[in-house]
1. Check the straight Cα-Cα distances from LYS117 and name the lysines below 21 Å, setting aside those fewer than 8 residues away within the same chain.
2. Could you list the residues of the stretch 150-170 with an amide nitrogen less than 15 Å from a label point located 7 Å from the Cα of GLN82 in the Cα-to-C-beta direction?
3. Taking the Cβ-Cβ separation of LYS136 and ARG157 as r and a Förster radius of 45 Å, what is the calculated FRET efficiency to the nearest 0.05?
4. Can you give me the long-range amide H partners of ALA149? Hydrogens built in the peptide plane at 1.01 Å from N, cutoff under 5 Å, separation of 5 or more residues or another chain.
5. Which far-off residues, 5 or more places away or on another chain, put their amide H under 5 Å from the one on GLY118, with H placed in the peptide plane?
6. What do you get when you divide the Cα radius of gyration of the chain by 2.2 N^0.38 Å, with N the number of residues?
7. Give or take rounding to whole Å, what are the principal axis extents of the alpha carbon atoms in the stretch 1-98, in descending order?
8. Return the distance in nm (one decimal) between the two label points of a simple spin-label model at ALA144 and GLU89, each offset 7 Å from Cα along Cα→Cβ.
Amino acid sequence: MDARTGVVVRMLALWARSVQRDAHSYYQAASKAAWTDRAIDYGEEWSPTEGDLARAIEDVWVRGYRLVMSAYQMERWSRTHQRITGDAEESDELLKKLRNTIEHLDEASFTDLLAQKGPTGPKSKKKWAIEELPGKELFLGFDAGYTEAAFGLVDLRDVTERARLYAQLDAPDEPSFDDYEPDSYDPESD
């Protein structure tokens, strides 16, 4: 294996493992936000406050951003790896558009809960990635369905399945969670 191939394999595996961690982290935060929202509806004295929900949603946003960025990096290194191995290149265009949207979100126009294409001048030829998202906007709030898909767009199951393909690429002989079988546990060996 030449140096370039070694670096590509290592970077792809590194980002795949990051995707697995970030997807899990996102799911935890989204589940907490969904629980917090439901608990507020109960209105019991033990219920969290709207401020608690706002902080939980902020956490979901940041963790979703991290997931999108690591998934995008995994995607880029995967395409490079596919070029090296001669495999057909696959690309997730929605992920690319979401990443571009989030990266340039400060240039968007906003309502209370939506980001949309930003202002354009008469000479502007700017192409807006946000216009290529479903509905041509990005929802800035939180929906209970977001526990399964970051920003309602990045399916956690799909992205972790893809990451699983590459997570051990740089250490194929190392055991992974996929190799664990409960039958093989021997309590006497502890």
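We did not get these values from a lab; they are worked out from the coordinates using the rules stated. The shown structure was predicted, so the numbers you read here are calculated from the model rather than taken from an experiment. For neighbour counting, all protein chains shown are included, and Cβ atoms are generated from backbone atoms with ideal geometry for every residue, glycine included.
1. Within the straight-line cut-off, LYS117 pairs with LYS96, LYS97, LYS125, LYS126, LYS127, LYS136.
2. 159, 162-163, 165-166
3. In this case the efficiency is close to 0.95.
4. For ALA149, whose amide H was placed from the backbone, the distant partners under 5 Å are LEU156.
5. Close amide H contacts, sequence-distant or interchain: SER109.
6. Against the compact-globule rule of thumb, the ratio is 1.25.
7. 63, 23, 15
8. 4.3
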